[in-house]
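What follows is calculated from the coordinates using simple rules that are stated; it is not laboratory data. Bear in mind the structure is a predicted one, so any value in this text is a computation, not a measurement. Ideal geometry is used to build each Cβ from the backbone, glycine not excepted, and the neighbour counts take in all protein chains shown.
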Amino acid sequence: MGKYAKWIGGGLGWFLGGPLGALLGFAAGSLFDGQSRSETTTYYRGRNYNTTPGDFGLSLIVLVAAVMKADGKVVKSELDFVRNFFRKQFGEETAGEALLMLRDLLKQNIPIADVCRQISRNMEYTSRLQLMHMLYGISLSDKYADKKELDAIEAIAGYLNISRKDRESIKNMFLPSDDAYYKILEIDPSASNEEVKKAYRTMARKYHPDMVSHLGEDFRKVANEKFRKVNEAYEKIKKSRNMP
């Protein structure tokens, strides 16, 4: 297959056409030598709703590039942070390939609204939530909250049709505000103990790693962090209320 084999090892479906396919057309051309442009476009129009690890991984890289470009400059330290994130989560090989793609994408104009609409039409909601979680994780991996980058992530969430409560839940896992534990569980501090328990069960199901098991073991492992934050929020609330 050539370069980027790790990232498309799980296959590509709807990613190959539309604005996403156009952004990485150089990769599609080198990886799928026998496949014509019209064939990839037809595949996209066929609406393959089963998100593959390749669809998800490459969508993540495109969105990371869009966020990094938000402040109008990209410095070496940002690239290093992204590489370290991917090295930690997925290993050296994937980190190297991700950085190669990222460098190419940073030179391009990314039509973020069109890109997100393609993702939203084809990617199931639980996977889109995982995208948002990882965007926050990567953007804040240097412990610095850049307002323009955070605004870009917020805009992406809107284009991806992520609900307001889900946006606040994920954001508070990284940037805790007042009553952060309640916001993670998507409830108010005035909620009863029974409502707290019900909210926890709902969020535990929503953010359970098994919900993204179709994305492969690498991304399922990353989803554990989201699940851990829900459990942590519940335990903190229980302790503050002396709940059994």
| query | Do you know the relative contact order of the chain, to the nearest whole percent, from alpha carbon pairs under 8 angstrom that are 6+ apart? | reply | 19 percent
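Sorting check: for 14-22, 235-243, which peptide has the highest mean count of neighbouring beta carbons within 10 Å, and how do the rest follow? Please report the intermediate quantities before stating the final value.
Numbers: 14-22: 23.1, 235-243: 12.8.
Peptide ranking by packing, descending: 14-22, 235-243.
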| When the convex hull of its Cα atoms is projected in every direction, mean area for region 119-244 (nm²) | 8.0 nm²
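Taking the Cα centre of the chain as the origin, how large is its charge dipole in debye, to the nearest 20, when only Lys and Arg (+1) and Asp and Glu (-1) carry charge on their Cβ atoms?
Working: 38 positive and 31 negative charges, 70 e Å.
Computed about the Cα centre, the dipole is about 340 debye.
Which whole-number percent is the relative contact order of region 164-244 (Cα, under 8 Å, 6+ apart)? All intermediate terms of the calculation are to be shown ahead of the outcome.
Numbers: 72 pairs, mean separation 23.5, N = 81.
This gives 29 percent for region 164-244.
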| query | What is the log10 of I(q)/I(0) for the chain, computed with the Debye formula using one identical point scatterer on each Cα and no solvent, at q = 0.09, 0.17 Å⁻¹? | reply | -0.40, -1.29
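What net charge is computed for the residues neighbouring P244, neighbours being all others with C-beta under 13 Å from the C-beta of P244, Lys and Arg scored +1, Asp and Glu -1? Write down the numbers at each step before the final one.
Numbers: positive: K197, K238, K239, R241; negative: E194, E235.
Once all neighbours under 13 Å are counted, the net charge is +2.
With runs of 4+ DSSP H residues as the only contributors, calculate the mean residue ellipticity of the chain at 222 nm using -39,500 (n - 2.57) per run, divided by the residue total and rounded to the nearest 500. Let's see the in-between values first.
Working: 13 runs with 161 residues, N = 244.
So the calculated ellipticity at 222 nm is -20500 deg cm²/dmol.
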| query | With point charges of +1 on the Cβ of Lys and Arg and -1 on the Cβ of Asp and Glu, referenced to the Cα centre of the chain, which listed residue (H214, V62, N242) lies farthest in the positive direction of the dipole? | reply | N242
| remark: Farthest towards the positive end of the dipole of the chain, among Q89, M134, N224 and with Cβ unit charges of +1 on Lys and Arg and -1 on Asp and Glu, lies the Cα of N224
| query | Roughly speaking, what is the centre-to-centre gap between region 74-106 and region 187-236 when only Cα atoms are used, to the nearest Å? | reply | 28 Å
